[in-house]
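Asks: Here's a structure for you.
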Amino acid sequence: MIEELKNLPAFVEKLPLIIEQLGQIPDQIRDIILEFEEFAALLYTGLIIVLLYILLSLLFLNILTLIGAWRTFEKANEPGWKVLIPIYNLYILSKIIYGNGWQFVLLLIPVINIYYSIRFSLDMAKSYGKSTAFGIGIFLLSPLFISIIGYGASEYQGVQREMLLIRK
């Protein structure tokens, strides 16, 4: 303890320097916070730009798909505007594929709709003269493949299957 008291005058001499250094800590913390805020603002700006890009890309894709589906309906001698009405467009598409529109209800039943979505896609491909592989493409990437039918040279072949429930 006496040894520590002997070092006390040296500590007292260094005390103003220590207090000055402690006074600089809030300034350093403030500088760190300002740098973080600048980084966060830059990060948020980048995030907003990316989200805006994604949103505009999806909007563009939806417009192209809408135009392709419109033309797909017109190829089957149905007015294109019918594609704009959410549930009604499934009814019309079912009518195009099967000649009777009531089968679209099977697409609204959970679990069963998985099978009928695949069947629906395969039959739609056949209705426009396309292959089974194209039907699988309609199931997996419907915006792209329906647009291919709409923009492409494929012609409506008519009803290929009477009912979804009956296999020929």
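The values are calculated or read from the model by the stated rules, or taken from the named source; none is laboratory data. Since this is a predicted model, take the numbers as computed values, not measurements. Virtual Cβ from ideal backbone geometry, glycine too; neighbours counted across all protein chains shown. Note: accessible area is taken over every heavy atom of the protein model, side chains too, but ligands, DNA and RNA are not part of it. Shrake-Rupley method; radii C 1.70, N 1.55, O 1.52, S 1.80 Å.
Asks: Provide the gained length on full extension for the span Glu20 to Glu74, in nm with one decimal, where the gain is 0.36 nm per separating residue minus the Cα-Cα distance.
Replies: Details: separation 54, 0.36 × 54 = 19.44 nm, distance 8.14 nm.
Computed gain between Glu20 and Glu74 is 11.3 nm.
Asks: Enumerate the calculated ³J(HN,Hα) couplings along region 45-58 in order (Karplus 6.51 cos²θ - 1.76 cosθ + 1.60, θ = phi - 60°), each rounded to whole Hz, writing x wherever the residue is Gly or Pro.
Replies: 4, x, 5, 5, 5, 5, 5, 5, 4, 4, 4, 5, 5, 5
Asks: Around Ser154, what is the net charge, scoring Lys/Arg as +1 and Asp/Glu as -1 over all other residues with Cβ under 10 Å from its Cβ?
Replies: Details: positive: Lys75, Lys130; negative: Glu155.
Here the charged neighbours net out to +1.
Asks: So how tilted is helix 112-127 from the main axis of the chain? Cα-based, degrees 0 to 90, rounded to 10.
Replies: 60
Asks: Roughly to the nearest percent, how much of the accessible area of region 51-168 is carbon and sulfur, given a 1.4 Å probe? It would help to have the intermediate numbers written out before the result.
Replies: Values: 4850 of 6890 Å².
About 70 percent, which is the carbon plus sulfur part of the accessible surface.
Asks: Another question, if that's okay. Which FRET efficiency, nearest 0.05, do Ala133 and Leu42 yield, Cβ-Cβ r, R0 41 Å?
Replies: Efficiency, rounded to the nearest 0.05: 0.30.
Asks: Same structure again: Please give the helix 142-151 orientation as an angle from the longest Cα principal axis of the chain, in degrees from 0 to 90, rounded to the nearest 10.
Replies: Its long axis makes an angle of about 50 degrees.
Asks: Still on this model: Give the longest segment of the chain that steers clear of GluC sites (Glu not before Pro) in DSSP loops with at most 13 neighbouring Cβ atoms within 10 Å, not counting the sites themselves. Walk me through the numbers before you get to the answer.
Replies: Working: sites that count: Glu155, Glu162.
The segment 1-154 is the longest one with no such site.
Asks: Could I ask something else about it? Assuming a ≥ b ≥ c are the square roots of the Cα gyration tensor eigenvalues, decide whether the chain counts as rounded (a/c under 1.5), prolate (otherwise, with a/b larger than b/c) or oblate.
Replies: On the way: a/c = 5.83, a/b = 3.88, b/c = 1.50.
Taking the square roots of the gyration eigenvalues as a ≥ b ≥ c, the chain is prolate.
Asks: Placing +1 at every Lys and Arg Cβ and -1 at every Asp and Glu Cβ, with all other atoms neutral, what dipole size does the chain have around its Cα centre, in debye to the nearest 20?
Replies: My answer is approximately 1880 debye.
Asks: Take the alpha carbon atoms of region 99-129, find their center, do the same for region 56-72, and report the distance between the two centers in whole angstrom.
Replies: Region 99-129 and region 56-72 have Cα centres spaced 21 Å from each other.
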